[in-house]
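Structure first, then comments.
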Amino acid sequence: MFKCLSHYYDNVVLGKPRLVLVLLLFIFAFFAFFVKDFKLDASSDSLLLESDEDLRIFREVNERYGTHDFLFVTFTPDEDLFSETALKQIKLLRDELSQLSRVESVISILDVPLVKIIGGKLSNVAKNFRTLEDPSVDRDKARAELLESPVYKDLIMSSDAGTTALMLNLKIDEDFSRLLKQKNSLLIKRDKTGLSPEQHDELAQTLIDYNRVKTGLDAEMHKNILQVRSIMAKYTDYGDLHLGGLPMISDDMISFIKKDLLVFGIGVLIFLVIMLTTIFRQIRWVVLPLLSCVFAGLVMLGLLGLVGWKVTVISSNFISLMLILTMSMNVHLIVRYRQLRRDDPERDQHDLVLDMTRRMVWPCLYTALTTMIGFASLVVSGIKPVIDFGWMMTIGLAVTFLTSFTLFPAILMLLDRARIPASQNSEVPLTRALAGFTERHGTSVLVLSVLLAVVSAVGMGKLKVENSFINYFSKSTEIYQGLKLIDDKLGGTTPLDVILKFDDLKEYGAPQVGGDDEFDDFEDLFGDEDNNNTDAWFTDYKIKRIKAVHEYLDALPAVGKVLSLASLLKLAEDLNEGAPFDAFELAIINKRAPKELKASMLDPYISIENNEARINLRIMDSLEDLRRNELLIQINKDLHEKLGLASEDFQVTGILVLYNNMLQSLFRSQILTLGVVMLGIALMLVVLFRSFSLAVIGIIPNLLAAAIILGLMGLMNIPLDLMTITIAAITIGIAVDNSIHYIYRFREEFPKHQDYIKTMHYCHANIGRAVFYTAITIIVGFSIMVMSNFIPTIYFGLLIALAMFIALLAVLTLLPKLILIWKPF
């Protein structure tokens with residue numbers, strides 16, 4: 001079979017290179033047409049576990065309590081916040097922002113009710129309801145009231161009265177909400193009980209409609225965010241302004257991804273041109289690899305556009321990875337061709353190219369397969385963007401291999417035999433030095449390897465998983481500056497909800513209803529509406545529980561602003577001259593309050609229909625010692641042990657929970673991922689070399705490189721996150737390529753020399769050169785990621801580059817020493 005394939009390859013690819021190039025041109029044009037459909041996705045949905053039960057709860061809570069997406073604009077005026085100039089600019093800014101198409105309403109410091117400064121009875125407050133826009137309002141009293149307000153302090157105004165926030169509530173798109181609910185319902189049903197053929201069709205159509213509507217909304221949101229920034233720019237002469245909110249972060253992330261794709265791609269290409277020119281000093285050895293890179297990269301982009309596969313933050317570096325790996329494979333082909341040409345100057349071009357492909361197809365195939373296993377292992381993570389990244393790179397490596405053994409040799413067949421200047425026949429000094437060092441100090445290599453393995457094990461024991469949004473971005477970015485300002489002055493950034501669930505009403509009974517003159521003011525304040533039969537829900541038991549949990553959460557160092565029914569109670573008690581409110585009074589408020597007041601003050605925090613209450617809090621994400629998983633564990637434990645709540649009495653939910661679940665799931669899956677990588681690569685090496693001992697020898701240096709990197713991260717307190725958590729699997733998958741090439745060549749050359757030392761020196765001088773060139777390509781290629789604005793991408797690039805350098809040294813020292821000891825041939 002293999003002879004048949006070899007014969008076919010010789011006759012078609014090498015025998016008819018022009019025909020092959022025409023076919024490849026058609027393939028290139030076909031996929032290039034779909035590059036225009038290439039899409040990016042930086043939404044929060046792309047980073048969540050669809051099968052996570054907490055995700056279902058989170059969506060239900062958002063729907064139940066009417067949670068809106070929102071943007072916020074922070075304003076720190078140059079003058080006093082309550083000065084005429086500052087308030088005028090806030091009013092103008094608010095009015096302009098209110099005109100945007102996606103903005104439903106804007107709440108500013110000018111719009112919040114000022115009730116304490118009126119004084120007198122509650123009836124007087126109701127008749128003289130005022131805001132800061134009222135010219136008769138005493139601004140010093142207004143400042144004092146807002147600074148003491150349990151609702152608005154650290155929400156709409158900082159505690160130093162120097163910064164205010166404008167909340168832009170975004171309109172809810174009914175079509176999108178309907179499709180999201182329908183999609184989630186079908187996905188849950190698919191995972192739990194399976195779908196009928198009709199429901200499969202319904203899900204497919206729903207996903208199409210959902211993506212269509214979402215794409216339109218994303219485009220409109222991008223336009224609105226640009227308009228918000230344009231409006232903000234008009235007011236920079238009056239103070240510092242920052243834009244924040246999850247929609248802005250998602251939109252900016254897309255800009256980051258686009259920039260990364262462009263910068264990485266151009267940066268890698270420039271580096272490759274310089275490297276190839278420096279190493280080979282012939283135009284053909286620069287142009288041919290670049291053509292292979294461009295062909296493979298654009299075909300893959302077109303494929304993603306064709307199938308509608310969106311690129312996320314995690315997979316945004318797949319283009320640079322493809323360029324690097326395509327170039328590495330082409331370098332191996334170039335080095336082997338040049339060696340064959342040097343060893344036998346009289347051979348014609350056809351024989352040289354045929355011999356090159358025959359000798360390199362198997363090591364290149366197996367290196368591609370082992371690298372594909374490294375990336376394919378990511379699919380067991382259960383995290384959609386990581387799974388997508390794994391599949392993208394797996395398919396991309398298949399494209400790389402096919403391109404390298406069709407386009408590269410076909411073009412080479414149309415060229416004359418390359419000249420090999422004598423000056424380029426010298427060994428690489430580093431490989432020669434490493435060969436001598438391994439021969440003379442091999443024992444030291446083994447001892448050092450064992451010591452590094454032990455230290456790495458200690459460091460790996462210190463690894464932790466963290467997901468700090470603010471630390472993902474450079475301090476120069478608006479995302480960082482906005483999040484930092486909100487953390488420091490406006491009550492924290494990352495939202496979290498605690499849902500308190502109560503027993504049936506019969507357990508506590510209804511409050512005693514009776515008349516009391518002191519409550520007449522409530523009648524004056526709220527008017528008289530029909531009784532809605534919900535009064536009995538408000539009990540002293542519920543109020544005490546809500547207050548207790550609220551006070552506990554508010555006392556946690558990592559928690560910023562806390563809002564709940566207890567906040568409203570505190571505000572009402574202040575109005576009631578400090579007298580505590582009981583359940584009956586709260587029932588009166590609920591019954592008599594205008595709908596607008598209930599919608600803003602009660603409905604976000606209680607659900608009488610579901611017999612539960614919501615406490616909303618924000619976590620200060622920028623705290624250096626914050627451990628999110630430990631915080632969530634502590635909250636759940638304390639609610640149970642300190643406050644006496646049973647597990648069925650409360651539910652902790654929110655974005656923090658979802659991202660923490662995702663990271664913890666990914667961390668746990670790494671054991672399985674590494675197991676898959678190790679097993680898959682070991683099987684590949686056994687099949688390739690037909691030797692268990694060679695498989696072990698080949699994988700040890702690369703496993704050591706991955707362990708050193710993980711150990712270094714633990715010792716340096718670098719957390720595992722969405723990007724860095726994939727380093728071990730990718731390192732082993734890529735680095736093992738050099739082991740395969742070295743062992744394959746050693747096995748090929750050993751019968752000629754019949755001496756392990758001589759064979760080692762020969763291999764270092766020949767395949768060692770290719771290993772060195774490809775390693776440098778990968779190291780510098782990954783190092784280009786330091787130009788990203790996304791900190792995890794920078795860590796990812798630098799750590800992979802360091803891992804590749806360690807793997808290079810291990811392959812040229814530890815690997816040959818193991819061969820010299822084991823003598824497997």
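Here are the numbers for this structure:
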quantity: Verdict on L586 being at pLDDT below 65 and either farther than 30 Å from L485 by Cα or open to solvent by 30 Å² or more (accessible area, probe 1.4 Å) (or both); calculated: no
quantity: Residues located in region 238-288, provided they are hydrophobic (A, V, I, L, M, F, W, C), within 23 Å of I334 (Cβ to Cβ) and in contact (Cβ under 8 Å) with a residue 12 or more places away in the chain; calculated: V268, L269, F271, L272, V273, M275, L276, I279, F280, W285, V286, L288
quantity: Pair list, Cβ under 7 Å, 6 or more apart: region 86-112 residue among the acidic types (D, E), other residue open to solvent by less than 20 Å² (accessible area, probe 1.4 Å); calculated: E96/I231; E104/L170
quantity: Residue in region 358-366 that is β-branched (V, I, T) and buried (at least 22 other Cβ atoms within 10 Å of the Cβ) present; calculated: no
quantity: Selection within region 635-669 - without any contact (Cβ under 8 Å) to a residue 24 or more places away in the chain and either farther than 25 Å from N62 by Cβ or open to solvent by 50 Å² or more (accessible area, probe 1.4 Å) (or both); calculated: N636, K637, H640, E641, G644, S647, R668
quantity: Which numbered condition A233 fails, given (1) among the hydrophobic types (A, V, I, L, M, F, W, C); (2) at pLDDT 85 or above; (3) surrounded by 14 or more Cβ atoms within 10 Å (Cβ to Cβ); (4) more than 21 Å from the chain's Cα centre (by Cα); calculated: (3)
quantity: Residue that is farthest from L451 (Cα to Cα), among those in region 689-713 that are open to solvent by 10 Å² or more (accessible area, probe 1.4 Å), in contact (Cβ under 8 Å) with a residue 60 or more places away in the chain and in a helix (DSSP H, G or I); calculated: S693
quantity: All positions within region 452-507 that are under 21 Å from the mean Cα position of the chain (by Cα), of a type in the set (V, I, T) and either crowded, with 20+ Cβ neighbours inside 10 Å or outside any loop (DSSP other than H, G, I, E, B) (or both); calculated: V465, I470, I479, T493, T494
quantity: Among (1) in a helix (DSSP H, G or I); (2) closer than 29 Å to G461 by Cβ; (3) out of contact with any Lys or Arg (no Cβ under 6 Å at 6 or more places or on another chain) - the single one I718 does not satisfy; calculated: (1)
quantity: Residue count, region 96-130 (criterion: at pLDDT 60 or above, polar (S, T, N, Q) and open to solvent by less than 30 Å² (accessible area, probe 1.4 Å)); calculated: 1
quantity: Output for region 721-738, where each listed residue is open to solvent by 10 Å² or more (accessible area, probe 1.4 Å) and aliphatic (A, V, I, L, M); calculated: L722
quantity: For V677: the one exception among (1) of a type in the set (V, I, T); (2) farther than 26 Å from T431 by Cα; (3) touching an Asp or Glu at 6+ places or on another chain (Cβ under 8 Å); calculated: (3)
quantity: Which listed residue, of G216, G239, G244, is in contact with a Gly (Cβ under 7 Å, 6 or more places away or on another chain) and among the small types (G, A, S); calculated: G244
quantity: Subset of region 292-318 (residues that are closer than 16 Å to W391 by Cβ, open to solvent by 20 Å² or more (accessible area, probe 1.4 Å) and either touching a residue at least 40 places away in the same chain (Cβ under 8 Å) or polar (S, T, N, Q) (or both)); calculated: L301, L303, L306, G308, W309, K310
quantity: Matching entry among L246, L226, L195, L207 (being aliphatic (A, V, I, L, M), open to solvent by 60 Å² or more (accessible area, probe 1.4 Å) and in contact with a Lys or Arg (Cβ under 8 Å, 6 or more places away or on another chain)); calculated: L207
quantity: Filtered residues of region 670-688 (kept if open to solvent by less than 20 Å² (accessible area, probe 1.4 Å) and within 17 Å of T367 (Cβ to Cβ)); calculated: V677, G680, I681, L685, L688
quantity: Among (1) modelled with pLDDT of 85 or more; (2) β-branched (V, I, T); (3) surrounded by fewer than 24 Cβ atoms within 10 Å (Cβ to Cβ) - the single one I718 does not satisfy; calculated: (1)
quantity: Residue in region 170-190 that is modelled with the highest pLDDT, counting only those that are under 26 Å from G244 (Cβ atoms) and buried (at least 16 other Cβ atoms within 10 Å of the Cβ); calculated: L170
quantity: Odd one out for Y210 among (1) among the aromatic types (F, W, Y); (2) under 23 Å from the mean Cα position of the chain (by Cα); (3) closer than 30 Å to L87 by Cβ; calculated: (3)
quantity: Tabulated pairs, region 22-43, first under 25 Å from K259 (Cα atoms) and among the aromatic types (F, W, Y), second assigned to a strand (DSSP E or B) and modelled with pLDDT under 85, C-beta under 6 angstrom, 6+ apart or interchain; calculated: none
quantity: Long-range neighbours under 9 Å by Cβ, at least six apart or interchain, first residue within 20 Å of N661 (Cβ to Cβ) within region 55-68, second in a helix (DSSP H, G or I) and charged (D, E, K, R); calculated: R59/K181; E63/K181
quantity: Every residue from region 539-556 that is in a loop (DSSP other than H, G, I, E, B) and touching a residue at least 24 places away in the same chain (Cβ under 8 Å); calculated: T539, L556
quantity: Region 150-160, residues that are open to solvent by less than 10 Å² (accessible area, probe 1.4 Å) and either out of contact with any strand residue (DSSP E or B) (no Cβ under 7 Å at 6 or more places or on another chain) or assigned to a strand (DSSP E or B) (or both); calculated: M157, S158
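To keep it simple, each residue is scored yes or no on (1) under 22 Å from T85 (Cβ atoms); (2) of a type in the set (A, V, I, L, M, F, W, C).
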position: T215; (1), (2): no, no
position: Q227; (1), (2): no, no
position: Y235; (1), (2): yes, no
position: P247; (1), (2): no, no
position: D252; (1), (2): no, no
position: L261; (1), (2): no, yes
position: G265; (1), (2): no, no
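The values are calculated or read from the model by the stated rules, or taken from the named source; none is laboratory data. Because the structure is a prediction, the values reported are computed rather than measured. Every residue, glycine as well, gets a Cβ built from its backbone with ideal geometry; the counts of neighbours run over all protein chains shown. Only protein heavy atoms, including side chains, enter the accessible area calculation; ligands, DNA and RNA are left aside. Shrake-Rupley method; radii C 1.70, N 1.55, O 1.52, S 1.80 Å.
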